[in-house]
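Notes follow the structure.
What follows draws every value from the coordinates through simple rules; no lab data is involved. Owing to the predicted nature of the structure, the values given are computational and were not obtained by experimental measurement. Methodologically, a virtual Cβ is constructed for each residue, glycine included, from the backbone with ideal geometry; neighbour enumeration extends over all protein chains shown.
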Amino acid sequence: MQKLTTSLYIAISICLLAGHQSVWGQQQRRTEKWRFQPEIKLRNASLESPNKNFVIPPPWKPHPIFLGSTEIKDLRLTRFYSQENPSQDGGNHVALAAFEDGVRENIGQRLRYPVIPGLRFTIEVWLAFSPFQTQVHPIQSLFDPKTDFKPVKLQIYGFASQTDLGNALLAETPVIDHYQWKKYTLTWEATGRYDYIYFVPGWEGTTFYDGNLHVDNLSIIKVTRIRKTKE
């Protein structure tokens with residue numbers, strides 16, 4: 001009887017210990033998940049596409065909130081390297097157009113680590129202007145492409161989720177009016193948590209017009225702590 005009681009006590013102790021370790025392990029994983037990360041790597045930051053069937057570089061996706069009645073399947077964002085329209089890095093880049101009807105082509109993705117308050121975020125991106133709207137598919141070239149696009153600026157938006165219509169403008173460039181590629185550095189501090197980031201063309205002023213912007217070679221997002229000054 002005494003041996004049975006001892007065995008039962010040992011078994012209960014092992015179960016309690018295992019449960020404690022499991023809870024501690026979950027807490028440790030949660031702690032590690034929120035540990036400060038000095039950088040956030042974007043997937044396919046060079047905006048490469050495997051072939052011309054990928055009109056939007058994977059895994060980038062547009063947010064419908066900027067598209068109005070335009071369907072994602074109708075977008076043709078990928079541009080392939082050519083002598084007349086070279087990419088800054090690799091064989092592909094992206095052209096994002098804004099239109100006078102309010103539609104704005106855009107690309108975005110979920111971040112590995114969220115943008116949160118109390119940190120400063122910095123990214124570098126190569127940009128150029130083109131007044132032409134080229135087509136990547138022969139079937140899409142049945143009409144003459146637009147040739148009168150005007151310069152626009154690049155804006156970065158943060159979203160809490162893909163379905164959340166609430167968003168925040170995190171940073172923006174000046175108007176991009178140069179034909180050659182040029183590197184820009186954008187820095188922002190967030191007022192909320194954003195798990196998704198989107199790159200969107202923005203108009204100069206309050207009047208909508210047809211604008212065009214070429215984007216390539218996004219850098220790692222560098223993250224730094226904001227030092228609080230003593231009053």
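Around SER46, with a cut-off of 11 angstrom between Cβ atoms, what is the net charge of the other residues, counting Lys and Arg +1 and Asp and Glu -1? Before the final figure, lay out the partial values.
Details: positive: ARG43; negative: GLU48, ASP89, ASP216.
Charge balance near SER46 sits at -2.
What does the net charge come to around LYS153 if you take all other residues with beta carbon closer than 11 Å to its beta carbon, with K and R at +1 and D and E at -1?
Details: positive: none; negative: GLU172, ASP177, GLU204.
My count for the surroundings of LYS153 gives -3.
Could you compute the FRET efficiency for GLU71 and ILE226, with r as their C-beta to C-beta distance and R0 at 30 Å, rounded to 0.05? So the FRET efficiency works out to roughly 0.15.
Give the calculated FRET efficiency between THR207 and TRP181 to the nearest 0.05, with a Förster radius of 25 Å applied to their Cβ-Cβ distance.
On the way: r = 28 Å, r/R0 = 1.10.
With a Förster radius of 25 Å, E is 0.35.
Cross-link check: pairs LYS41/LYS150; LYS61/LYS182; LYS153/LYS183; LYS41/LYS228 evaluated at a Cα-Cα cut-off of 20 Å; pairs beyond the cut-off: LYS41/LYS150; LYS61/LYS182; LYS41/LYS228.
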